[in-house]
Every structure is written in structure tokens, then in C-alpha cells.
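Structure first, then comments.
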């Protein structure tokens, strides 16, 4: 099974857990004062829906879809828009991996390796768009 397929299955298991996105944001927002500051006035219910789609776009890109949606997302996160500095993606990845480890009942070292590979490809596009 490819890394992207492993991640797609893992993501499905995570999305089935009702508190997955709440736990992700709890972990992510506590990871750095810089991260928390970026979400100060954010509509979190709407943000959770955007995150759900954003992760799916990362996975679909790793499965071979064109980078069009990721490039648009990168533009919205650029210095001209939301100003999400490239170093902040490290906190995002680590919070996501931690939350996946907690909520994917079948998670193992191979699953985490697959997630890191899949996320890395898309995050490169996000950072390049800064």
C-alpha cells in the first residue's frame, strides 16, 4: 500500500472520532504563543471544517492530484494574506501527528512515517508560497 493510501485510511479513522479536530486544535494552539496568536479572533467551528478539507487536499495531492488547491491555500497563508510564517508549519505537523497517534486505533510507526511523507510534500508547497 502506498503512503498516501495508508494516510487516507488513517485519516478516515481519525475523522470518525468526534473530538479529533478539537483535540488537534487544543494541542496545536498550546504548542507556541506564535501559533495561538494567529488564531486569536478565529471562528473555530468554521476553522475545523477548513482544516478537515485542507488535510484532505494534502492527501489527495500526495495521491497524484494537481497542486492547484494547495497553491490557492498557500496563497491565502502567504505573507500578503494571513502571514503564516514557514516555521509555524512544524508546530502544525507535530500537533497533527500527536493527535493522529491518540485517535487512530491502528496507528503504528509505519503510519506515522507515511503521514510525515505525505504532509511533507504538501507543506513544501505551502512554505514555498510564503
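Determine the gain in length on full extension of the stretch residue 101-residue 30; use 0.36 nm per residue of separation and subtract their C-alpha separation, reporting nm with one decimal.
Values: separation 71, 0.36 × 71 = 25.56 nm, distance 1.73 nm.
The residue 101-residue 30 span can extend by a further 23.8 nm.
Under 8 Å for C-alpha pairs, at least 6 residues apart: give me the relative contact order for the range 3-129, rounded to a whole percent. Please list the in-between numbers first.
On the way: 116 pairs, mean separation 55.1, N = 127.
Averaging sequence separation for qualifying contacts and normalising by length gives 43 percent for the range 3-129.
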With labels modelled as points extended 7 Å from the Cα through the Cβ direction, what inter-label distance (nm, one decimal) is found for residue 125 paired with residue 49? 2.3 nm
Show that you can apply the helix-only estimate: for the chain, add -39,500 (n - 2.57) for every DSSP H stretch of four or more residues, divide by all residues, and state [θ] at 222 nm to the nearest 500. -23000 deg cm²/dmol
Provide the descending list of Cα extents for the chain along its principal axes, expressed in whole angstroms. 39, 30, 23
Debye intensity ratio I(q)/I(0), log10, the range 28-79, q values 0.19 Å⁻¹ (C-alpha model): -0.78
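Coordinate-derived values only; no laboratory data. None of these values were measured; they are calculated from a predicted model. A quick note on method: Cβ atoms are made from the backbone with ideal geometry, for glycine too, and the neighbour counts reach across all protein chains shown.
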